[in-house]
Each structure stands twice: as structure tokens, then as C-alpha cells.
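Below you'll find the structure, written out as C-alpha cells, and then a few comments.
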Amino acid sequence: MKRVCSICARGGSQGVKGKNIRPLLGKPLIVYSIEHAQQSGLFDVIAVSSDSEEILSVAESAGVEYLVRRPAVLAQNTSPKVPVIIHCIEEVERTTHQHYDVIVDLDATSPLREVQDIMNVVSMLEEKRVTNVITGMPARRSPYFNLVEVNKKGVVQVSKPLPAAVTRRQDSPKCYDMNASIYAWTRDGLLKHRAVFNSDTLLYVMPAERSIDIDSELDFNFVEYIMTRNQIIKSLPDDN
């Protein structure tokens, strides 16, 4: 079983300028994902895709051998994620003259995931024999209870009403927020369907404290706080 990991990072960022290589506790943000992939021991190849030479240089310094230069057409604010991943994998396969059975993409802006999360996602994909697995966390809002829309008449209504009104959140169907942390596909599943959602897509649930995807200054501050707190906790003496 051959596996490849892609980490895709654009040079431009609207929410947080230069976020993919912005220092987080003294380390460029993207390096956390690179190290997660390295520490998992799962991958024959780890590749970073970017339109930025600065990002690719940081990746190379972190030990990434396969640097994929992304064309401008795939480096726009509106560029969807899946074609970028496919381009990265096809470039790696062209360079290595190999096909890879499992393709895993790690989001460069999700440094709070754990290595075990990656290992669990890959195990789920391979053991369940599905085309892909995505990650998410329990949703903070429910479309059946407290997620609302304003209709054409300007009236507020629950986004997804049920025949019988839901009066307690606990009684509503379970919902999840995608956290964009880990995506895993079989090669055929990715190249044939070219989609995030297939007929057999499975969800790997992560806790909220490992699910922050940095998209704003507030997100960056939250992540910095959580990582600092975790470091402090790990440094405390064990009373046992």
C-alpha cells in the first residue's frame, strides 16, 4: 500500500496575511502539518503545493522533498481545493513514476490536529474500504433547532424544520461542522469522482479543541492560546 500526503498552501491570504508561514510559537504555521505527516510514518511521499517560492523554501527547509509549483489558474481566491490536490498528486506521480493507493491532504492551517488523528483517518479509509474520509467536529449550531435563515418575506425560520418542532437541542439529529483538517481518498476515489462527498464518504469526528482552522486573526489568537496552554500543562510535574 503506497500513500502520499499533500499539503496545499497559497501565497495570498485575505483573512490573515502570510498566514501559511507566519510564526506560531516560533515555528512557521505550515511546518506543524509537515511534521504531523512526517511523524505519522504513513507516507512514501510528502508534497507541498504552492504558488509561493517563499512557502516552498520553508517546506524544503522542513524536510519536504517534493515541491509542487502551482499554476496561477489554481492559485486564485476562488480556486476549489480538490483540483489543487489532484494537480499536486499528478505532479508527484509524474516525477516519481509511481501510482499511490491512498491520498491524504492535510490543511496547512490546522495545527491542532494530532498525529493519531491522521493515523485513525487512514485506518478508517483502508479498513472500511470506502472511497474517502473527511474530518469534522460536533456542530455548535443545529439547522433543526437554532440555525436560522431569513426567507424571501424577511421572516426568520429554522433552516431545516422537521414535521414535529424540536424544542431541545438534544432532541435534534446530530450535526457536524467540517473542520478541513484531514481529507483522505483512495486514488480511484479521488481521480474518478473528483469530489469531497461521494456516496460512501465517512466522517472522522475530532473534538472542538483540535478543530480550529485558522482563517482570521481571532482564530490565530485562539490557536496560539491553546498551544501555549497545552505546553504549560505538559510541563507541569506529575503528582502521581
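A few remarks follow.
- From phi via Karplus (6.51, -1.76, 1.60), per-residue ³J(HN,Hα) for the stretch 170-176 in Hz, x at Gly/Pro: 4, 8, 7, x, 5, 10, 9
- The residues of the stretch 179-240 expose on average 62 square angstrom of accessible surface per residue, using a 1.4 Å probe on protein heavy atoms.
- Pairs of lysines in the chain (C-alpha under 27 Å apart; 8 or more residues apart or interchain): 17
- Binning the C-alpha pair distances of the stretch 35-136 at 5 Å intervals from 0 yields a P(r) profile of 2, 11, 20, 24, 23, 14, 5, 1 %, listed from the shortest bin outward.
- Sulfur and carbon atoms: percent of accessible area, the stretch 177-220 [1.4 Å]: 53
- With 0.36 nm allotted per residue and the present C-alpha distance subtracted, the residue 95-residue 160 stretch has 18.7 nm of extension available.
- Across 178, 124, 206, the residue with the most accessible area heads the list, and the full order at a 1.4 Å probe is 178, 124, 206.
- Treating each Cα of the stretch 21-69 as an identical point scatterer and summing with the Debye formula, the log10 of I(q)/I(0) at q = 0.18, 0.20, 0.30, 0.33 Å⁻¹ comes to -0.51, -0.63, -1.20, -1.32.
- Beta bridges by DSSP in the chain, antiparallel share as percent, to the nearest 5: 50
- With the convex hull constructed from alpha-carbon coordinates only, the stretch 173-233 shows a mean projected area of 6.3 nm² over all directions.
- Among 148, 156, 73, the largest mean-square fluctuation in a Gaussian network model of the chain, built with springs joining Cα atoms closer than 10 Å, belongs to 156.
- At R0 = 22 Å, FRET efficiency that the Cβ-Cβ distance of residue 215 and residue 148 yields, to 0.05: 0.45
- What the stretch 52-161 shows is 53 Å² of accessible area per residue, with the surface traced by a 1.4 Å probe over protein heavy atoms.
- Bins of 5 Å from zero: percent of alpha-carbon pairs in the stretch 115-185: 3, 15, 18, 15, 13, 12, 12, 8, 3, 1
- Compactness ratio for the stretch 88-210: Cα radius of gyration over 2.2 N^0.38 Å (N = residue count) comes to 1.33.
- Where only alpha carbons of the chain are counted, the Rg and the Dmax (Å): 19.5, 62
- Within the chain, the longest run free of exposed loop sites, counting GluC sites (Glu not before Pro) that sit outside DSSP helix and strand states (H, G, I, E, B) and have at most 16 other Cβ atoms within 10 Å, spans 115-240.
The values are calculated or read from the model by the stated rules, or taken from the named source; none is laboratory data. No experiment lies behind these values; they were computed from the predicted model shown. Here Cβ is always computed from backbone atoms with ideal geometry, including for glycine, and neighbour counts include all displayed protein chains. Calculation scope for accessible area: heavy atoms of the full protein, side chains included, ligands and nucleic acids excluded. Shrake-Rupley method; radii C 1.70, N 1.55, O 1.52, S 1.80 Å.
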